Amino acid sequence: MSQVLFGEKRYRSFDYEMKQRYGSKVVKLSVDGGFSCPNRINSTGCIFCTERGSGEFCGDLENLTASISDQIEFQRNMLSDKWDTDKTIAYFQSYTNTFAPIDVLKKKYDEALSCGVMGLAIATRPDCLGDDVLDLLSSYKCPLWVELGLQTVTCYNEINRGYDNSVYVDAAKRLRARGIEFVTHIIIGLPWETRDDTLKTVKFAADNGTNGVKLHMLYVDKTAPLAEYYNKTDFHVLTREEYVDTVCEAIAMLPPDVARWAAS
């Protein structure tokens, strides 16, 4: 039996998906929208999250105070030598990018779209997707998707995620009902999980209709609460081979129409 290929790969990559939809490579430009996170206000935040709210790729530290327009220009110039394409997506990455009044969200999203990007990717939490937010997202006719930080279905208390799995299920259902695509972030290598536990999370996301998965190898940043736990326990961090093996298993179990991101 011949192997189905998606471009040159045996799985549906993000790059392949974008080229199929829009005819050429699409580049994500990371943006810090100046948002906060309810989990940081109510507690210490997720144990793996850094001081920059996982927004380390939004540019240099001086650029954090820049406007969204300036950040997009900075990102576009920084990546211009790497990618030969004029098709870009503004990726609201840092913290929780639906955690603000609707007029504030609209102003920031509209500013990004005024900068010549073709669409929006919005990272957020499943518990920050009220009907008013979904109404706003549904109003945009450009390419748009939401990126949900699920991370795990087994040790969400240990990572201090701040919501249970049913919240993700409900958010996924309401996003699907509105026709809003969503991508699910999953961490591989959490110290409380086995490989089978990780694969349970992958299956859970697929069963709830995710349009894509973004697989992250656990990274212990010195500014995150996880660093203190690591220093106390010296837990095992996956080797490259262990991570690759798990990613391969995860990819193999996903439906062929689910796009895959892989973040090292």
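The values are calculated or read from the model by the stated rules, or taken from the named source; none is laboratory data. It should be emphasised that the depicted structure is a prediction, and the values quoted were computed from it without experimental measurement. Positions of Cβ are backbone-derived with ideal geometry, glycine not excepted, and every protein chain shown enters the neighbour counts. The area values use the complete protein model at the heavy-atom level, side chains included, leaving out ligands, DNA and RNA. Shrake-Rupley method; radii C 1.70, N 1.55, O 1.52, S 1.80 Å.
Listing for the model above:
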item	result
Accessible surface of segment 58-146 [probe 1.4 Å, protein heavy atoms]: carbon and sulfur percent	52
Per-bin percent of Cα-Cα distances, segment 137-264 [5 Å]	2, 10, 20, 22, 19, 13, 8, 4, 1, 0
Distance in nm between pseudo-label sites at K141 and K200 (7 Å out along the Cβ direction from Cα)	4.6
Separation in nanometres of the label points that stand 7 Å from Cα toward Cβ, at D131 and N77	4.6
Ratio of Rg to Rh over the chain (Cα coordinates, Kirkwood Rh, two decimals)	0.94
Mean separation of Cα contacts under 8 Å (6+ apart) over length of the chain, as relative contact order %	20
Charge tally in the Cβ shell below 11 Å around D164, where Lys, Arg are +1 and Asp, Glu are -1, D164 excluded	-1
Fraction of accessible area attributable to carbon and sulfur, segment 178-264 (%, probe 1.4 Å)	52
For the chain: accessible area per residue (Å², 1.4 Å)	50
Cut-off under 5 Å, modelled amide H: who pairs with Q151 long-range	H185, I186, I187
Contact order relative to length of segment 74-130, as percent, for alpha carbon pairs under 8 angstrom and 6 or more apart	46
Estimated dipole of the chain in Debye, rounded to 20 [Cβ of Lys and Arg +1, of Asp and Glu -1, Cα centre]	640
